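Okay, so here's the structure we're looking at.
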Amino acid sequence: MIPEDTVARYALRVRQGGGARYDAETAPHDDLLQARRGTAYFARKLNELSDVDLSGPSHLPGWTRAHIVSQTSYHARTLAHLLEAARTGGAQPAPPGSEARASEIALGATLPPRALRSLFRHAEVHLNVEWRDLADQDWNAALHLPDGRVIAARETPMLRASKVWRAAIDLNNGGRVKDIPETVQIACLGSPNREHPPIPADGEQ
């Protein structure tokens, strides 16, 4: 039996037509699907919030919902820049220190609500474009994360899925751990249905 997700991807290609761009054949399609579903879930929970709500408390001590949006946006931008460098053969951007990352997130949280929402949308589009522009061989490129880890490009979709699904819960807007797909729960929580632990303040998981 053909998996449901495979059928869905084929149907999408038919609807999009011959001019659309697609992920490489060797891309981690299931992980990309979870990252994109998580992005849609986060976007829905964000859109349910009014501009005033963004200044309300998140589930992370000392952080507003605006901090969560800022952190989630800059996480996408960081991955996009690393993938772009891997794809083009350019030098990977030097990782900022923990203080610089914290300052960036704090500054982003002070943006006007419309600008903050735009930051999230643009960062997600950039990341998705970089994923779709990666050739088969690019998915094995080594990326140097801000926290010092070195991972393959093909690990970024699940890394992003873990981040964005957890961030949707941290928005403190009705997101539930049980809404997170089991494969992502295992990746970001260690086991399905475990209580969601706080994300470190520097946001670089």
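The values are calculated or read from the model by the stated rules, or taken from the named source; none is laboratory data. This one's a predicted model, so the numbers in the text were calculated from it and none came from an experiment. Cβ coordinates were reconstructed from backbone atoms using ideal geometry, including for glycine residues, and neighbour counts include every protein chain displayed. Surface accessibility is based on the protein's heavy atoms, side chains included, excluding ligands, DNA and RNA. Shrake-Rupley method; radii C 1.70, N 1.55, O 1.52, S 1.80 Å.
For this structure, a couple of remarks:
- Residues located in segment 45-96, provided they are hydroxyl-bearing (S, T, Y), more than 17 Å from A123 (Cβ to Cβ) and open to solvent by less than 30 Å² (accessible area, probe 1.4 Å): S58
- Count of segment 63-100 residues which are assigned to a helix (DSSP H, G or I), of a type in the set (S, T, N, Q) and touching a residue at least 24 places away in the same chain (Cβ under 8 Å): 6
- Residue in segment 171-186 that is open to solvent by less than 10 Å² (accessible area, probe 1.4 Å), within 15 Å of F42 (Cα to Cα) and modelled with pLDDT of 95 or more present: yes
- When segment 123-145 is limited to residues that are outside any helix (DSSP H, G or I) and open to solvent by 40 Å² or more (accessible area, probe 1.4 Å), the one that is nearest to R65 (Cα to Cα) turns out to be H144.
- Some residue of segment 112-122 being touching a Pro at 6+ places or on another chain (Cβ under 8 Å), outside any loop (DSSP other than H, G, I, E, B) and surrounded by 12 or more Cβ atoms within 10 Å (Cβ to Cβ): no
- With respect to the conditions (1) hydrophobic (A, V, I, L, M, F, W, C); (2) more than 14 Å from the chain's Cα centre (by Cα); (3) under 16 Å from A66 (Cα atoms), A168 falls short on a single one, namely (2).
- Filter result for A123 (in contact with a Lys or Arg (Cβ under 6 Å, 6 or more places away or on another chain) and at pLDDT 95 or above): yes
- Neighbours by Cβ (under 7 Å, 6+ apart or cross-chain): first from segment 33-55, under 16 Å from P181 (Cα atoms); second modelled with pLDDT of 95 or more and hydroxyl-bearing (S, T, Y): F42/T72
- Which numbered condition E155 misses (of (1) modelled with pLDDT under 95; (2) open to solvent by 50 Å² or more (accessible area, probe 1.4 Å)): (1)
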